[in-house]
Amino acid sequence: MRIAGLLNVGKSIDDVVDQAQRIRDLGLAGAWGSQIFSHDTLTLLALVGSRVSDIELGTAVVPVHPRHPAMLAQQAATVQQAVGGRLALGIGLSHQVVVEQLWGYSFARPASYMREYLNVLVPLLEGQGSSFHGERFSAVYQPLEHFSAPTPVYVAALGPAMLQMAGELTSGTVTWMSGIKTIGTHIAPRISAAASAAGRPAPRVVVGLPICVTSDPGAARQRIDEALAIYPNLPSYRAMLDIEGVDTASELAFVGTEEEVMAHLDRLADAGATDFTASVIGTAEERDRTWSLLSELARG
């Protein structure tokens with residue numbers, strides 16, 4: 001199982017570059033950034049990639065509603081060329097409250113929306129043309145000029161329809177707030193079966209979770225629940241917590257001694273995760289211990 005780090009994209013650009021450089025220096029496989037209310041993550045990763053070599057750079061995730069799929073394809077292909085073929089494009093539907101109340105778009109039939117979106121996006125990012133006319137999108141595009149390398153697409157897929165779609169049409173899934181049981185019994189089996197039935201390679205299952213190596217697990221879990229209090233109230237994540245049989249973010253987190261955290265990671269790999277993206281949370285000492293362990297495992 002490959003190990004990567006989650007960037008705190010709410011910091012300054014220079015600080016994000018420093019974070020990515022540290023992730024690279026620690027020997028981790030990649031650095032992934034979310035797209036929330038700060039920097040545009042694709043633009044940010046183009047800048048990071050110009051200064052930090054070797055590691056994979058991923059989006060976890062770019063929400064699809066604000067950008068036409070052909071425009072996102074052009075942007076991602078440009079970033080892919082700028083970073084020398086290291087971009088992994090994670091995309092997602094976001095949440096109804098964000099899409100409808102912040103952006104003013106309809107969130108009706110989200111799985112259908114994503115399927116149409118992928119029918120435009122994926123061929124363009126594979127170097128093909130795209131001729132598609134659907135209910136939501138139309139696009140007639142020749143292959144993109146200055147195309148340098150295919151860009152793999154990963155969908156933030158949680159429900160059965162989205163996992164089926166991700167397996168059929170993309171390179172895998174990138175998740176957040178989905179625990180070991182959920183990966184092993186729900187996400188990995190469904191997406192793998194869909195990819196196999198479609199004749200596609202085995203999908204990547206990129207799992208993001210909070211992690212903290214600590215001598216005070218109670219305090220660490222309290223910090224995690226305070227920092228991530230919104231997630232149990234969002235329907236898509238609430239459904240994943242229900243599958244896991246837990247109520248809070250900290251119950252999904254990997255918290256404890258080095259040995260205890262290593263055991264969690266081993267169980268995650270056994271459940272079918274191909275990648276772990278670490279959201280390191282804690283005091284300065286706890287973060288140092290956590291990064292040290294992740295470095296040891298990544299180099300191991």
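Bear in mind these aren't lab numbers, they're just calculated from the coordinates by the rules spelled out. If you're wondering where the values come from, they're calculated on a predicted model, not measured in any experiment. Cβ placement follows ideal geometry from the backbone for every residue including glycine, while neighbour counts extend to all protein chains displayed.
Some points to look at:
- Within region 213-250: backbone nitrogen closer than 13 Å to the Lys181 label point (7 Å, Cα to C-beta): 240-248
- Relative contact order of region 153-235: 29 percent, from C-alpha pairs under 8 Å at least 6 residues apart in sequence.
- Positive-end residue of Ala29, Gly159, Ser12, charge dipole of region 2-299 with Cβ unit charges: Gly159
- Under 14 Å, Cβ to Cβ, from Pro189 - net charge with Lys/Arg +1 and Asp/Glu -1: +1
- Cβ-derived FRET efficiency at R0 30 Å, Ala108 paired with Arg51, nearest 0.05: 0.10
- Principal axes of the chain: Cα extent on each, largest first, Å: 57, 41, 39
- Rounded to two decimals, the Cα radius of gyration of region 108-209 over 2.2 N^0.38 Å is 1.12.
- The chain: angle of helix 188-197 to the longest principal axis, Cα-based, in degrees nearest 10: 30
- Measuring r between the beta carbons of Met262 and Gln21 and using R0 = 25 Å, the FRET efficiency lands at 0.50.
- Neighbour net charge for Trp291 - beta-carbon separation under 15 angstrom, K R +1, D E -1: -2
- If R0 is 35 Å, the Cβ-Cβ spacing of Thr283 and Glu145 corresponds to a FRET efficiency of close to 0.10.
- Remark: spin-label model distance Glu100-Asn8 equals 3.4 nm, labels positioned 7 Å along the Cα→Cβ axis.
- Full extension of the chain between Glu251 and Phe37 yields a length gain of 74.4 nm, computed as 0.36 nm times the residue separation minus the alpha carbon distance.
- For Val206, net neighbour charge (Lys/Arg +1, Asp/Glu -1) across residues whose Cβ lies under 12 Å away: 0
- Amide proton proximity set for Val61, modelled H, under 5 Å, gap of 5+: Gln35
- Distance between modelled label sites at Asp216 and Asn233, nm, 7 Å Cα→Cβ extension: 2.7
- Among 174-185, 194-205, the order from most to least packed when residues are scored by Cβ within 10 Å on average: 174-185, 194-205
- 0 to 90° range, to nearest 10: angle between helix 284-299 axis and the chain longest Cα axis: 60
- Put simply, when 145-156, 260-271 are sorted by average Cβ atoms within 10 angstrom per residue, most first, you get 145-156, 260-271.
- Relative contact order computed over region 2-299 (Cα-Cα under 8 Å; 6+ residues apart), in percent: 18
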